[in-house]
Amino acid sequence: RELFVLLRYKGLSRVKHPLFVSTRILLYVLLAGLLSSFFYGQDRRLVGIFNSVGILFIAVILPCFMAQVFVEEMKFDREVYTREFNDAYYRAGTYVAHRVLVEMPAVVAAAAAFCGVLYWSVGFDDDVKTFGFFFTACVVNFSTAMLI
């Protein structure tokens, strides 16, 4: 019941906020576009392979730096959370579950947008299976960065 109330009243309003959408999804689209412009159409010679490895490294490291968005938002929510927790509105585990359930659709959407822009423009294999692997790896990486 606590989780349902948190999702309904706090989660729904958070997801509808334009700042939530812009920091969670649009920022990754812009970053993927920027990286795509730098690494567009890499070939299979030595320099192109090094550049492809570099873009894979950037794709792994980037969510760790972007996790600062979550940290800053938690700082803003700390005062409200402390007051509501002390008033016994909900338990800590329920609050964490609420945050994860609100953030996960945005994480999946951000990974889909990031991979959709970056994968095809850089010149990785035109295979749906490898794109699926890259997408799954990005979802796991983005989720890990969000939860840490």
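The values are calculated or read from the model by the stated rules, or taken from the named source; none is laboratory data. None of these values were measured; they are calculated from a predicted model. No Cβ is skipped: glycine too gets one built from the backbone with ideal geometry, and neighbour counts run over all protein chains shown. We work out accessible area using only protein heavy atoms, side chains counted, and drop any ligands, DNA or RNA first. Shrake-Rupley method; radii C 1.70, N 1.55, O 1.52, S 1.80 Å.
Quick one: angle between helix 128-147 and the longest Cα principal axis of the chain, in degrees between 0 and 90, rounded to 10, please. Relative to the chain, helix 128-147 is tipped by roughly 40 degrees.
The accessible surface of the chain, taken with every protein chain in place and a 1.4 Å probe, is 71 percent carbon and sulfur.
Remark: the chain carries a charge dipole of roughly 300 debye about the Cα centre, counting +1 on each Lys and Arg Cβ and -1 on each Asp and Glu Cβ.
For the stretch 67-148, the direction-averaged projected area of the alpha-carbon convex hull comes to 6.1 nm². The C-alpha atoms of the chain define a longest principal axis, and helix 68-86 lies at about 10 degrees to it. Across Ile25, Ile49, the residue with the most accessible area heads the list, and the full order at a 1.4 Å probe is Ile49, Ile25. Computed from the C-beta positions of Asp125 and Leu27, the FRET efficiency with R₀ = 22 Å rounds to 0.25. Entry note, the chain: the mean residue ellipticity at 222 nm calculated from DSSP H runs of n ≥ 4, each adding -39500 (n - 2.57), is -25500 deg cm²/dmol after division by the residues and rounding to the nearest 500. Computed from the alpha carbon atoms alone, the convex hull of the chain holds 106 Å³ per residue. Find the centroid of the Cα atoms in the stretch 14-33 and in the stretch 106-148, then give the distance between the two in whole Å. After rounding, the separation between the Cα centres reads 16 Å. Heavy-atom accessible surface of the chain, averaged per residue, reaches 63 Å², computed with a 1.4 Å probe.
Taking label points 7 Å from Cα along the Cα-to-Cβ direction, Arg44 and Phe85 give a separation of 5.4 nm.
What number results when the radius of gyration of the stretch 1-47, computed over Cα atoms, is divided by 2.2 N^0.38 Å? In units of the 2.2 N^0.38 Å rule of thumb, it is 1.97.
Residues Ser22, Ser13, Ser52, ordered by accessible area of protein heavy atoms at a 1.4 angstrom probe radius and largest first, appear as Ser13, Ser22, Ser52. If contacts are Cα pairs under 8 angstrom and at least 6 residues apart, what is the relative contact order of the stretch 35-148 in percent? The normalised contact order for the stretch 35-148 reaches 43 percent. For the chain, the longest principal axis of the C-alpha atoms and the axis of helix 92-122 are separated by about 20°.
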